[in-house]
Amino acid sequence: MNKSAKPYSELQIAFLSGVIATTATFGLSWRNSVKAALQDSPKVIVDRVWQLVNRDYVDSSFNQQDWKAVRRELLSKNYSSQEEAYAAVHKLLESLEDPYTRFMAPKEYKYYTSQTSGEISGIGIRMKFDDTAKRLTIVEALDNSPAQQAGIKAGDEILAINGKSVREMSAKEPPELIRGKAGSTVNLQIGREGEKYFNLELTRANIEVQTVNYALKQEGQRRVGYIRLRDFSAHAAKQMQNAINDLEAQKADEFVLDLRGNPGGYLHSSIEIAKMWLDNGGIVSMVNREGKSQKAQANGNSLTNKPLAILVDGNSASSSEILTGALQDNNRAVVIGTKTFGKALVQRLHDLGDGSGITITTAHYYTPKGTDINRKGITPDINLDLTYSQRRQLATNPNLWGTIEDPYYNRALRALSNYEFAGNGKKSTDKKLIAPQG
């Protein structure tokens with residue numbers, strides 16, 4: 001059985017063992033003079049960014065620039081404020097013409113890291129805000145969250161937060177007031193149909209976000225394990241392991257893995273998840289600016305060898321493409337949908353020490369067969385050309401996903417009956433379900 005994901009990401013590591021790179025060497029007197037000049041100055045951030053890019057960036061030509069000359073010019077200027085330094089950093093990174101190497105000011109960086117961590121600090125609710133009526137309704141209280149433990153239910157209305165009426169708020173205010181540091185408290189006034197309003201004081205906690213949703217679907221006499229993976233968070237591999245094991249225990253005959261709309265996330269999670277489906281073969285190879293390659297391989301510890309279909313679309317990117325490419329190249333799965341996004345670059349995330357951060361592209365990755373999918377995407381084995389009406393129906397009614405009315409899922413059912421997979425040694429020939437055309 002595979003181990004659960006460790007807290008490394010394609011935004012934190014470029015290779016499984018980490019990147020070892022060298023920084024340009026300057027004379028001792030130069031280093032000392034620079035250190036003195038930067039002490040307690042906004043230039044510290046500017047030079048820190050230059051140094052990190054100099055050490056790690058995948059393109060050793062830095063987009064055909066004299067990188068040392070760029071540094072001299074940066075340090076020759078005075079920055080009277082943090083904002084001026086941030087503007088200089090933005091301009092510096094823009095010169096690389098790489099949209100994935102970018103700077104994030106403190107507020108954006110905090111949001112970004114919270115999204116990729118797979119955790120939130122709050123009370124564990126999903127809400128819907130009606131900006132016209134100024135009503136804030138609970139959609140869901142997450143399992144084992146402070147909200148669920150306090151008895152909050154779907155359909156409850158939040159009337160006030162910390163004594164302030166929701167009717168006086170804009171749409172962005174409630175989440176900002178409800179979120180907070182674990183261990184701190186928030187006071188809610190709750191309205192419930194047929195009851196008098198009541199007040200609750202809830203203690204915030206760190207809550208694991210469920211990025212994997214799954215169900216066993218009875219399609220005729222076939223038991224189909226449907227798994228939707230929304231992103232590759234730090235907890236995605238552990239959640240995927242639980243999903244596969246549970247569906248195996250329920251005697252699933254085959255699997256459909258839905259990666260539609262999945263933008264990627266942690267590199268390590270995608271590799272660990274690939275190992276859950278793949279017994280042997282390569283998963284991904286990564287090449288740094290020196291041309292050195294490091295490969296990730298399956299380790300013989302897959303959790304299932306049942307037939308597998310993967311659903312993808314134009315928003316399946318990055319780690320989604322690593323997983324899809326690995327399973328497609330090893331003939332472990334049939335890929336269904338439309339061409340994927342086409343991002344084959346790995347980033348490392350750096351905290352700059354003042355609350356801000358940057359992501360730097362450090363490597364290029366290739367599928368097991370050596371295919372470069374950057375800006376090209378992965379072509380599905382079975383391409384779906386949906387009508388405008390079908391696309392609109394799926395976009396406006398997410399409850400159709402993973403049902404017979406979903407053209408992707410529908411096509412997967414038919415493909416699983418006829419596709420020959422590596423790993424199970426035979427072709428699935430189950431014809432018990434005649435799925436409608438889609």
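Every read-out reported here was derived from the displayed coordinates using simple, explicitly stated rules and does not represent laboratory data. For clarity, every value in this text was computed on a predicted model and none was experimentally measured. Glycine gets a Cβ as well: all are built from the backbone with ideal geometry, and neighbour counts include every protein chain shown.
Quick rundown of the values:
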| quantity | calculated |
| --- | --- |
| Karplus 3J(HN,Hα) series, Hz, for the stretch 46-59 with 6.51 cos²θ - 1.76 cosθ + 1.60 (x for Gly, Pro) | 4, 6, 4, 5, 4, 4, 5, 5, 4, 7, 10, 4, 5, 9 |
| Highest-fluctuation residue, Glu119, Glu290, Glu254 considered, GNM on the chain with Cα pairs under 10 Å | Glu290 |
| Under 10 Å, Cβ to Cβ, from Gln390 - net charge with Lys/Arg +1 and Asp/Glu -1 | -1 |
| All-pairs alpha carbon distance profile, the stretch 119-208, 5 Å steps from 0, percent | 3, 15, 27, 29, 18, 6, 1 |
| Residue among Asp130, Asp56, Asp381 with the largest mean-square fluctuation in a Gaussian network model of the chain, springs linking Cα atoms under 10 Å | Asp130 |
| FRET E, pair Glu201, Glu168, Förster distance 22 Å, beta-carbon r, rounded to 0.05 | 0.60 |
| Choice from Gly265, Gly122, Gly377 showing the highest fluctuation, given a GNM over the chain with Cα pairs closer than 10 Å | Gly122 |
| Computed FRET value (nearest 0.05) for Gln218 with Glu193, which takes r as the C-beta separation and R₀ as 51 Å | 0.90 |
| Whether the chain is rounded, prolate or oblate, judged on the alpha carbon gyration tensor where a/c under 1.5 counts as rounded | oblate |
| Those trypsin sites (Lys or Arg not before Pro) in the stretch 99-174 that DSSP places in a loop and that have at most 11 other beta carbons within 10 Å | Lys172 |
| Once exposed loop chymotrypsin sites (Phe, Trp or Tyr not before Pro) are cut out (DSSP; at most 14 other Cβ, 10 Å), longest piece of the chain | 198-438 |
| Of Lys217/Lys306; Lys153/Lys181; Lys68/Lys107; Lys275/Lys343, pairs whose Cα-Cα distance is over 25 Å | Lys68/Lys107 |
| Debye log10 I(q)/I(0) for the stretch 54-155, one point scatterer per Cα, at q = 0.14, 0.17 Å⁻¹ | -0.75, -0.88 |
| Residues Ile373, Ile273 arranged by fewest to most Cβ contacts within 10 Å | Ile373, Ile273 |
